[in-house]
Amino acid sequence: MARGSLIVFEGLDGCGKSTQLDLLYEWLCERGVDCVKTREPTDGEWGRRIREMARSGERVTPEEELAWFVEDRREHVREVIEPALARGAFVLSDRYWLSSVAYQGARGLDAAAIQRASEAEFPDPDLAIIFEVSPEEGIARVNARGGVGEPVFEEVEFQRRVKKVFGQMDRPWIVRVDARGGVSEIHQAVLACVRERGMVGD
Ligand code: TYD
């Protein structure tokens, strides 16, 4: 059985990646492709702890924050990502270790060191799509969504730093998509990315 493909969706808060992940997931399912949809932080024990922290606005050190994301990712890779890839499935993940590089890098940790450690421990994605919006646009979209705010993550200065680190990441499997357009236009750009790589047919 050929190994499956890991596609990760990345970008600032409010960049629209989750909507695009859902659209690609539906598109693949309609074509009978074995496909798994997942996210980080996960719904596991560590992921729940991370979301609670974000909701409460509780400050933890960047080191501690990184440690929680890494624990969550270990479980995610072991329990969800690897088994699905081993059976030949597509795995679509809403965030992956690129988010740790960008966000915990933006909180002052050494982004290059986080990337090195991540690459040493976790599988590379076959494709990482970074959805590009300005910090202001992203924050405006998050606010328009309403619901519970995440004060730890969503200040504009912070998002600027996150964007800068995402912008510096350079790997052959990274593509950047302009996320300012309409939902269906961006979906077409996503399909073009997966087709260009021969990951799916027409
Ligand atoms: P997000 O995708 O925005 O989840 P939701 O749509 O459920 O709010 O992710 C939550 C936050 O977690 C987001 O601000 C980015 C942050 N994050 C990190 O700081 N490091 C990481 O490694 C990951 C995966 C996420």
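The values are calculated or read from the model by the stated rules, or taken from the named source; none is laboratory data. Every value quoted in this text rests on a predicted model; they were computed, and no experiment measured them. We place every Cβ from the backbone using ideal geometry, glycine too, and count neighbours over all the protein chains shown. Remember, those area values only see protein heavy atoms, side chains included, never the ligands or the DNA or RNA. Shrake-Rupley method; radii C 1.70, N 1.55, O 1.52, S 1.80 Å.
The table below gives the values:
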quantity: Pairs where the first residue, in the stretch 149-170, is under 15 Å from SER100 (Cα atoms) and the second is of a type in the set (Phe, Trp, Tyr) and at pLDDT below 95, C-beta under 9 Å, 6+ apart; calculated: VAL152/PHE158; GLN159/PHE153; VAL162/PHE153
quantity: Condition broken by ARG73, with the remaining ones in (1) over 14 Å from the mean Cα position of the chain (by Cα); (2) modelled with pLDDT of 95 or more satisfied; calculated: (1)
quantity: Cross-chain or 6+ apart pairs with Cβ under 7 Å, the stretch 94-111 first and touching a residue at least 12 places away in the same chain (Cβ under 8 Å) and among the small types (Gly, Ala, Ser), then within 6 Å of the ligand (Cβ to nearest atom) and assigned to a helix (DSSP H, G or I); calculated: SER100/PHE69
quantity: Test: residue in the stretch 91-99 that is out of contact with any Lys or Arg (no Cβ under 6 Å at 6 or more places or on another chain) and more than 13 Å from the ligand (Cβ to nearest atom); calculated: yes
quantity: Complete set of residues in the stretch 23-56 that are part of a loop (DSSP other than H, G, I, E, B) and either within 13 Å of the ligand (Cβ to nearest atom) or in contact with a Ser or Thr (Cβ under 9 Å, 6 or more places away or on another chain) (or both); calculated: GLU40, PRO41, THR42, ASP43, GLY44
quantity: Among the candidates ASP43, ASP72, ASP94, residue that is charged (D, E, K, R) and touching a Leu at 6+ places or on another chain (Cβ under 6 Å); calculated: ASP94
quantity: Output for the stretch 17-31, where each listed residue is out of contact with any Lys or Arg (no Cβ under 7 Å at 6 or more places or on another chain) and farther than 11 Å from ILE129 by Cα; calculated: SER18, THR19, ASP22, LEU23, LEU24, GLU26, TRP27, LEU28, CYS29, GLU30, ARG31
quantity: Number of positions in the stretch 59-108 that are in a helix (DSSP H, G or I) and open to solvent by 20 Å² or more (accessible area, probe 1.4 Å); calculated: 17
quantity: The stretch 8-22 - residue that is assigned to a helix (DSSP H, G or I) and touching a strand residue (DSSP E or B) at 6+ places or on another chain (Cβ under 6 Å) and, of those, nearest to PHE166 (Cα to Cα); calculated: LYS17
quantity: Subset of the stretch 45-73 (residues that are without any contact (Cβ under 8 Å) to a residue 40 or more places away in the chain, under 14 Å from ARG95 (Cβ atoms) and among the small types (Gly, Ala, Ser)); calculated: GLY47
